[in-house]
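Rule-based calculations on the coordinates, nothing more; no lab input. The shown structure was predicted, so the numbers you read here are calculated from the model rather than taken from an experiment. Positions of Cβ are generated from backbone atoms using ideal geometry, with glycine treated the same way; all protein chains shown enter the neighbour counts.
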Amino acid sequence: MTNDPKPSDLNRRQFIIRSTKAGAALAATWAVGYGLYDTVGPSSQAVRQTSVSLADFSVSGQQPRMCVARGADRKKSLAYALKAVGGLESYIKSGDRVLLKVNAAFATPPMLSATTHPILVTELCRRCFQAGAANVIVTDNPINDPTSCFTLTGIAEAARSAGAELIVPRQQSFRPITVPNARLIRDWPLLYEPFRQVNKVIGITPVKDHHRSGASMVMKNWYGLLGGRRNIFHQEVHTIIKELAMMVRPTLVILDGTTTMMRNGPTGGSLSDLKSTNTMIVSTDQVAADAFGATLLGKNLSDLPFIAQAQEAGIGTADYQSLNPQMVDIS
Amino acid sequence: MTSLINKTSKTQTLVSACIYLVLVVTASGILIRQFDLNPAVNVMRQQDSPGLQSPETRAFEAIVPLEGHLLPITPAEQFGPDTLSDKINGKAELYLSAHFKSLKTQRFKGLNDSSWWIEIYIYDMATGENAFAVYSSQMRDDAQPIDVGQYAYRTPNALFWVHGPYYVEAIASAVSTDAVDAMEAAAQAFVKKIRVKASRVTLQTLFPPEGLEQDSIKMIPADVFGYDRFDKVLIADYQQGSHTATAFLSKRANSDEAAALADGFHAFLLNFGGIAQPPMAELPHARIVEIFDTFDIVFKRGRYLAGIHEAADLDHALALARKLDQRLTEAGDDK
């Protein structure tokens, strides 16, 4: 037995009612589809979103500390320098979630020293986990072809082999940010997604010559957190670097001067652009780290106005000697 | 009969609800995904955008079919003035100030060797002079000249050359003889297949040869010596005993422009703490400024703007300036 009506059971009225309903359903479906159809396609403009701000990731209650380790072996230099500033355990506690902001700006091999060396990435990730970190995220926003940048620099593999998570920026990773008292970073897209998940931030980057700013070091490294057409800031490069330093208050910064790009930066391209300077700087003060890094490039503070500007903004001190930096010679 | 038609079982209602639910979830998924565009699509859009399909595309076609040497491992990428910094970041300013038109890059690997790869950058600088400017201003200290194009050299891991309006870099991921051989083959193929109008920068022959450090000759595209109106200036270093100085030279559109720039540079030096010195009989039309314990001399000769920069000794600087002036006088406006 079945309750289904036979076609012959339908009378004319019922047929018209049901046909009308079916037609209405079709029309409604079409109307919804038409209403949702995006005739323009996705825009390159960021979707209007609420502004965000970054927390202060520095460890409170600690005096600024700095160490300059001299040696050709990056792993050893890092180990000694971290120990000299109190050990990574002084900054990374059990359960911390750590963000490593590397420099992966170019899809170039590690040999050219245009990007953070993968050996340092692996070693630092490993040490963070050793200190008790629950998670380590590695990220940067190379505008052109991020996947190639992370792959060819060796950073992707370095992060993966150490158990860290690599975040490759996507359109939805950005949120607008306005830095208080800043003139340039106002309502500008920031690579925010990685910051949601962390409570500690470490910047790690090589020392490089830079055609526009004179040097690319710790403070300039935050440039890779910006999205949008950020190249417009090159016209006011010293101001933007200062504002980037105002934006990010890191837990620790690591400036790799094992090999310094002395000229033709920030891309370099030839081994001839490089010089073995065998120096690793670890500091809680990003301004002091850059001030010391300038000496590796043979430059002084007048060559790099952003350092004095950052000091004036109260971010740190250009007088790195005032921090009584530990000088460690690794033979 | 009516009751039979309208009555549906609970099972039917449940199945219908499930179908609707699946449809809603599917529609929602599609809706969400359309805002999550694959970055590759954006890259494709950039490549397809008007203005980027330029004739320079042919340049790579000269390299790509290098059988026995190179195999493309990534698609070619192209950048214009608005996107150049996406590829080379802060160095873009150097090229933009030298009237950059476009950049095309691609990565290759050796056919039988996966231990290295190279990336080739082909910059179209519009003119040979512009190409020479970016080439010479980045010249490496350990450059070894090679016989490719109009100007070329190699370093342990890279080749750099100028061919007509193109400035080309080939950079290897490792120091490898095979990689260098492949890059040289690519360079030769490029020069052979891309026909250009040869344009050597002949102005440099006007520098006096005595004491000239030949490898030091560079063309600075813009902001020469920090003066924003100085562009396309050739510079050359001189070592005369213990004395060093930099001679500079630029051919301007006309005599008035050369004179105006000489005046402007003189004022610029005074503005930054320079002290004007009295004219010297050896070169009466030259302006002399002492600044930060060095001497700058600037003068014009016809369409040429010339001078000496940061000379430690005034007598040597004047002697060099006089020789330079003499050669400019002899050359007239022909160079």
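The alpha carbon convex hull volume per residue for the protein assembly as shown rounds to 241 Å³. Two tests apply to each whole DSSP H helix in chain A, Cα reach of 27 Å or more along its axis and mean Kyte-Doolittle hydropathy of at least 0.0, and the ones passing both are A:12-36. Put in order of Cβ neighbour count within 10 Å, fewest first, the listed residues A:302, B:255, B:250 become A:302, B:255, B:250.
Charge tally around residue A:153: other residues with Cβ under 12 Å, Lys/Arg +1 each, Asp/Glu -1 each, net -3.
Normalised by the residues of chain B, what does the relative contact order come to in percent, with Cα pairs under 8 Å and at least six apart? Don't skip to the answer; put the middle values down first.
Values: 563 pairs, mean separation 35.0, N = 335.
Computed over chain B, the figure is 10 percent.
The peptide list A:82-92, A:290-300, B:274-284, put in order of mean Cβ contacts within 10 Å with the highest first, becomes A:290-300, A:82-92, B:274-284.
If you wrap the tightest convex hull around every Cα atom of chain B and split its volume per residue, you get 245 Å³.
Over the whole of A:140-147, what's the average partner chain Cβ count within 10 Å per residue? Rounded to a whole number, please.
Working: counts 0, 0, 3, 5, 12, 7, 1, 2.
Rounded to a whole number, the mean comes out at 4.
Inter-chain Cβ neighbour count for A:258-271, averaged per residue, equals 5 (cutoff 10 Å, partner chain atoms only). Exposure proxy ranking for B:88, A:307, B:19, B:308, based on other Cβ atoms within 10 angstrom of each Cβ and starting from the fewest, stands as B:19, B:88, B:308, A:307.
Between the alpha-carbon centres of the stretch A:234-303 and the stretch A:83-146 there is a gap of 17 Å.
Could you give the angle, 0 to 90 degrees to the nearest 10, between helix B:314-331's Cα long axis and the longest principal axis of the Cα atoms of chain B? Value to nearest ten degrees: 80.
Of all DSSP beta bridges confined to chain A, the antiparallel ones make up roughly 45%. Give the angle, between 0 and 90 degrees and rounded to the nearest 10, that separates the Cα long axis of helix B:177-193 from the longest principal axis of the Cα atoms of chain B. Helix B:177-193 sits at roughly 80 degrees to that axis. Fraction of C-alpha pairs exceeding 19 angstrom in the stretch A:46-147: 56 percent, rounded to a whole number.
The calculated 222 nm mean residue ellipticity attributable to helices in chain A amounts to -9000 deg cm²/dmol, summing -39500 (n - 2.57) over DSSP H runs of n ≥ 4 and dividing by all residues. Sorted ascending by nearby beta carbons within 10 Å, beginning with the fewest, A:65, A:170 become A:170, A:65.
Put a plus charge on the Cβ of each Lys and Arg, a minus charge on the Cβ of each Asp and Glu, and nothing anywhere else: the dipole of the stretch B:203-331 about its Cα centre is then about 520 debye.
Classify the stretch B:203-331 as rounded, prolate or oblate from the Cα gyration tensor: take a ≥ b ≥ c as the square roots of its eigenvalues, call it rounded if a/c is under 1.5, otherwise prolate when a/b beats b/c and oblate if not. It is rounded, given that a/c, with a ≥ b ≥ c, falls under 1.5.
Each Cα pair under 8 Å and six or more residues apart adds its sequence gap; the mean of these over the residue count of chain A is a relative contact order of 22 percent.
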